[in-house]
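Notes to accompany the following structure.
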Amino acid sequence: MRIAVTSGKGGTGKTTVATSLALSLAGEYDVAFIDCDVEAPNAHIFLQPILTEQQDAVILIPKIDAKVCTLCGKCVEVCQFHALAKIGSSILTFPQLCHGCGSCTWNCPVGAITEVPNPIGVLESGTTPEGIPFSHGVLKISEPMATPIIRQLKRKALSPDDTLTILDSPPGASCSVVETLRGMDFALLVTEPTPFGLHDLKQITGILEEFNIPAGVVINRDGIGDNQTDDFLARQNIPVLMRIPFSLEIAAGLSAGTPLIKIDPALRQDFLNVYAQAAQIVAAAKGGK
């Protein structure tokens, strides 16, 4: 089962929930963890893995042989991302705009284009003290696109077997979130009962409708805000699986890098219940197809 822990906005406690869910389940199941928030990965702060493997994440970008190129401009025409431009007597490439789709290479009539690897970050993996296989990606500073590194991270780290895998999604509702959600069995949404939390929760639920991914919600900082979030979830028929109370003690512990279930061990059973409910929802969704 593959569970993506996601949220419409940053700062709701997504990583807090994802890491404590993994730690709670580790004693009962074979669990793996993937941090897909490659622009600002921080799950390692709470899980403390020993990272033993590292490899470059790359995107293939075009290299044009000026001796072969006829300046026909076909590569410029087919590039949807404006990563190529015909300037005078040469074709210029802009690597940071390139999505690595290969259209220019396929459409060059004289074979003047080859593809060369351009490192955009690194993929790292290891094991936590609890024996949880851990992987994350780190996007290189100045690189604008997180999606390719997330795609490579999932391809490398997702197990084809029945390993229970927790994916910590990037925040928001961007392309990187969409890429993380692709192929997931369940989405665990983390929100807070505030107007900002509700606004962005609506965005992520819209994406889940398109993907037809079943979901449940964890309400963090419960006790602040109002009831609008609960009213919205009731209308959408999305269950609230857990509530984490607003607590200065919890905030202080998290700021020190302490996992939530070590701040309050009683919450471990709540996380086990979250998984049990998620499994039931997934089974019901598959049974209804």
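Coordinate-derived values only; no laboratory data. These numbers were taken from a predicted model, which means no experiment stands behind them. No Cβ is skipped: glycine too gets one built from the backbone with ideal geometry, and neighbour counts run over all protein chains shown.
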Placed amide H near residue 10: partners under 5 Å, 5+ positions off or other chain: 172
Rounded to whole Hz, the Karplus (6.51, -1.76, 1.60) HN-Hα couplings of segment 30-40, x for glycine and proline: 7, 10, 10, 10, 10, 8, 8, 7, 6, 7, 8
Net lengthening on full extension, residue 78/residue 29 (0.36 nm per residue, minus Cα-Cα): 12.8 nm
Residue with peak Gaussian network fluctuation, the chain [Cα springs, cutoff 10 Å], from 124, 28, 39: 28
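So between residue 40 and residue 89, what do we pick up on full extension, going 0.36 nm a residue minus the alpha carbon distance? Write out the running numbers ahead of the final one.
Working: separation 49, 0.36 × 49 = 17.64 nm, distance 4.12 nm.
This chain segment gains 13.5 nm when fully extended.
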Cysteines, the chain, no other Cys beta-carbon under 4.7 Å: 36, 69, 72, 79, 98, 101, 108, 175
5 angstrom amide H check on residue 120, placed H, neighbours 5+ away: 57, 58, 59
Gyration tensor verdict on segment 145-289 (Cα atoms; rounded if a/c is under 1.5, prolate if a/b is larger than b/c, oblate otherwise): rounded
Theoretical FRET efficiency, 1/(1+(r/R0)^6), r = Cβ-Cβ of residue 163 and residue 140, R0 30 Å, to 0.05: 0.55
Identified option (computed percent of Cα pairs over 24 Å apart; candidates (i) 52; (ii) 55; (iii) 48): (ii)
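Go through 14/156; 9/156; 9/154; 86/154; 14/140; 14/202 and tell me which ones have a Cα-Cα distance over 25 Å in this structure.
Details: 14/156 23 Å; 9/156 27 Å; 9/154 22 Å; 86/154 36 Å; 14/140 23 Å; 14/202 16 Å.
Exceeds cut-off: 9/156; 86/154.
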Estimated distance in nm for a label pair at residue 273 and residue 1, the labels positioned 7 Å out from Cα along Cα-to-Cβ: 1.6 nm
For residue 222, residues with placed amide H under 5 Å, excluding near neighbours: 244, 246
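Using helices alone, I'd like the mean residue ellipticity at 222 nm for the chain: each DSSP H run of four-plus residues gives -39500 (n - 2.57), total over residue count, nearest 500.
Mean residue ellipticity, 222 nm, calculated: -10500 deg cm²/dmol.
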HN-Hα J in Hz across segment 249-262 - Karplus 6.51, -1.76, 1.60, θ = phi - 60°, x for Gly and Pro: 5, 5, 4, 5, x, 5, 4, 8, x, 8, x, 4, 6, 8
Calculated from backbone phi, Karplus (6.51, -1.76, 1.60) coupling profile of segment 107-112 in Hz, x at Gly/Pro: 9, 5, x, 10, x, 7
Centre separation in Å (Cα based) which lies between segment 32-53 and segment 191-244: 26 Å
